[in-house]
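Step one of this worksheet: look at the structure below.
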Amino acid sequence: MENVNKPSTSIKNWATDDRPREKLLAKGAAALSNSELIAILINNGAKNKSAVELAKEVLKLGDDNLNELGKLSLNDFKQIKGIGQAKSIIIAAALELGRRRQAASGIEKPIVRSSSDIAQFLQAQLKDLSYEVFAVVFLNRANKINHFQIISSGGITGTVADPRVILKKALEENATSIVLSHNHPSGNLLPSRADEELTKKIKEAAAYLDIKVLDHIIVSDEGFYSFADEGML
């Protein structure tokens, strides 16, 4: 039989001074700790645990580092008793919004002038992925980013990064130039032979449509590698 005298762990039943929502309204979001912000997302606690206590356990999964937390999966969050699928989805969605906001700062640059401009944008987009993906940045005549798209995942081959798919999208986006990109979750930044051959293949195909391949950038937690900077284009 349920104990009717047991205090609820829902945020709305906390003392006013302990409520993250009220604290946010009174002092602004910046005044809240990471655990308090996550507590707002998950809303309810679990048996004998408040929402903030659960949030602290969530943070510990990422070693109290939001960048590391962003690399975790739904199943990782569900390891915590009291964090089910619904709460895991909410946390993952919030982390993705943060990632997209960071990436948007790269898009807002009026003109891409160097490999580091593109690399900063790509690192924000790809840094949390634990698997390899191939992506393309589509630019207009002014070197402004029109569009970004992940073309394939699971390794780089001529099949999954089909030049026809890439160039079809370039035409749809009215792109006059493109930047190829992929990530190396291992941290190694050196290109493989397959990377070099694929770059050459796409560059040759793009030339027939007067679309220029400006660069192929490899990103990882260690930094980035630019084919253009290394004279490989």
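Some notes on this structure:
- When the test is whether a residue is under 20 Å from the mean Cα position of the chain (by Cα), surrounded by 14 or more Cβ atoms within 10 Å (Cβ to Cβ) and of a type in the set (S, T, N, Q), Ser181 passes it.
- Qualifying position, being crowded, with 22+ Cβ neighbours inside 10 Å and touching a Phe, Trp or Tyr at 6+ places or on another chain (Cβ under 6 Å), among His147, His216: His216
- For segment 206-233, the set of residues classified as part of a loop (DSSP other than H, G, I, E, B), among the aromatic types (Phe, Trp, Tyr) and touching a residue at least 12 places away in the same chain (Cβ under 8 Å) consists of Phe227 only.
- The helices (runs of 4 or more DSSP H) found wholly in segment 26-133 and carrying at least 2 residues that are surrounded by 20 or more Cβ atoms within 10 Å (Cβ to Cβ) occupy 34-42, 51-61, 85-107, 115-126.
- Of all residues making up segment 178-233, the number that are closer than 20 Å to Gln125 by Cα, touching a Leu at 6+ places or on another chain (Cβ under 7 Å) and of a type in the set (Ser, Thr, Tyr): 3
- Any chance Ile156 is touching a strand residue (DSSP E or B) at 6+ places or on another chain (Cβ under 8 Å), closer than 16 Å to Lys203 by Cβ and at pLDDT below 90: yes
The values are calculated or read from the model by the stated rules, or taken from the named source; none is laboratory data. Please read these numbers as outputs of a predicted model, since none were measured by experiment. We place every Cβ from the backbone using ideal geometry, glycine too, and count neighbours over all the protein chains shown.
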